[in-house]
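Just below is one structure, and these are the notes that go with it.
The values are calculated or read from the model by the stated rules, or taken from the named source; none is laboratory data. Predicted, not measured: the structure shown is a model, and the values here were computed from it. When we count neighbours, we look across all protein chains shown, and the Cβ atoms used for this are built from the backbone with ideal geometry, even at glycine. Surface areas here come from the heavy atoms of the whole protein model, side chains and all, with no ligands, DNA or RNA. Shrake-Rupley method; radii C 1.70, N 1.55, O 1.52, S 1.80 Å.
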Amino acid sequence: MKKNKRAELFKENLSKGFDMPTDAVGEKMLREYGAVFVAGNGAVPPDKVVFKNEAEVAAWQKNIKSLRENIAGFEIELQAAALKAYKKAIEEAGRNDLTITPRGADSARRIYAETVTLWASRVNPALLHWVEKGRMTEPEAGNIRSLSPFEQVPEIFKLESKGIFFSKDLSKSIIYSVAPPGTSQHLSMLALDIEEHKSQEVREILAKHGWFQTVISDLPHFTYLGIPENKLKNLGLKRITDDERVFWIPDL
Ligand SMILES: [Zn+2]
C-alpha cells in the first residue's frame, strides 16, 4: 500500500467531528501520538489532539464511560472497554505465570495538571543544563519559563531542531519522554504504563487483547486500540521496529 493511501485511510478512520490540527505542534502530535485517535471496539478517542486546559479535559472525561479498579495496590481508571481488555490480559498472563501490573498510581487516567507537572519535570532541569553548557543564555531560559506550559511547546521544539534536547537523558526530543501539556494519551483514559514492559511475552499478550505500543521510545507505555494486530494497517497505521519493539503509529 502506498504512503498517501495509508494517510487517507488514517484520516477516514478518525471520528467524524475530529478537529484536524493545522498548526505545526498539532500536526506533530498527530503524527507522533495519533494512533489512539483511530481506537475502536468500544474505545472512544478524543476528537482533538490538544486539550487546552483542565476544564476541557474534565468536560471530555465526564462523558466517557470509565471503570476504576484496584490492581496490584494501584487505583487504576480507564475507559470501560480498555479496563476489561486489560483484565483479560492479566488473566491470560496469570495462566502463564506472568503478571501485568501498573507501574504506579499515575499509570492510567491523568488530569491536565499532571501533564503540566510532568512536562515541567523535564523542561526545568534541561533549561538549567543547557544554560550551564553555554548552549543558551539565562535570559533565553527565563523567557521560556515565563511562558504558559503550552506556549512553551513550540519554543522547546525550535530548540530541539538545533540539537538542544529536552528528554530526561537530554539525547532526544522531549515528546519521547513526556507528552506536551494536554496531549498525553493518558488524558484519553486509553493508555497504561506497565511494569513488565520488557517481557516480550507480556507485550504479546497485551497485543492480543488490543493493547499496543504507539509512542516510539516510551517503553512502558501501552495504548488501547481495541483492534486485532492484523487489522491495524487497515486503519492507516504503520508498524515500526525500534529498540527491538513493535510500535504502531500513523503513516502521515
Ligand atoms: Zn504512559
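Taking every residue in region 60-74 that is surrounded by 14 or more Cβ atoms within 10 Å (Cβ to Cβ) and pairing it with any residue that is hydroxyl-bearing (Ser, Thr, Tyr), at least 6 positions away or on another chain, the pairs with Cβ-Cβ distances below 7 Å are Ile71/Thr101; Phe74/Ser107.
Checking each residue in region 75-108 for being closer than 11 Å to Ile194 by Cα and open to solvent by 80 Å² or more (accessible area, probe 1.4 Å) picks out Thr99, Arg103. Residue pairs whose Cβ atoms lie under 8 Å apart, sitting 6 or more positions apart in sequence or on different chains, and linking a residue in region 129-152 that is among the charged types (D, E, K, R) to a partner that is surrounded by 11 or more Cβ atoms within 10 Å (Cβ to Cβ) and outside any helix (DSSP H, G or I), are Arg135/Ile164. Restricting attention to region 136-194, the residues that are within 17 Å of Leu118 (Cβ to Cβ), in a loop (DSSP other than H, G, I, E, B) and of a type outside the set (A, V, I, L, M, F, W, C) total 12.
Considering only strands (runs of 3 or more DSSP E) fully contained in region 195-252, which possess at least 1 residues that are of a type in the set (D, E, K, R)? Spell out how you get there, then give the answer.
Values: elements: 221-224, 237-242, 245-250.
Here the list reads 237-242, 245-250.
The set of residues in region 190-210 that are within 25 Å of Ile64 (Cβ to Cβ), crowded, with 17+ Cβ neighbours inside 10 Å and more than 12 Å from the ligand (Cβ to nearest atom) comprises Leu206, Ala207, His209, Gly210. The set of residues from region 146-189 being within 15 Å of the ligand (Cβ to nearest atom) and either open to solvent by 20 Å² or more (accessible area, probe 1.4 Å) or hydrophobic (A, V, I, L, M, F, W, C) (or both) comprises Lys168, Ile174, Ile175, Tyr176, Ser177, Val178, Ala179, Leu187, Met189. When Val25 is tested against (1) surrounded by fewer than 20 Cβ atoms within 10 Å (Cβ to Cβ); (2) at pLDDT 95 or above; (3) assigned to a helix (DSSP H, G or I), just one condition goes unmet, and that condition is (2).
Across region 217-226, the number of residues qualifying as open to solvent by 30 Å² or more (accessible area, probe 1.4 Å) and either more than 12 Å from the ligand (Cβ to nearest atom) or free of Cβ contacts under 8 Å to residues at least 40 places away in the same chain (or both) comes to 1.
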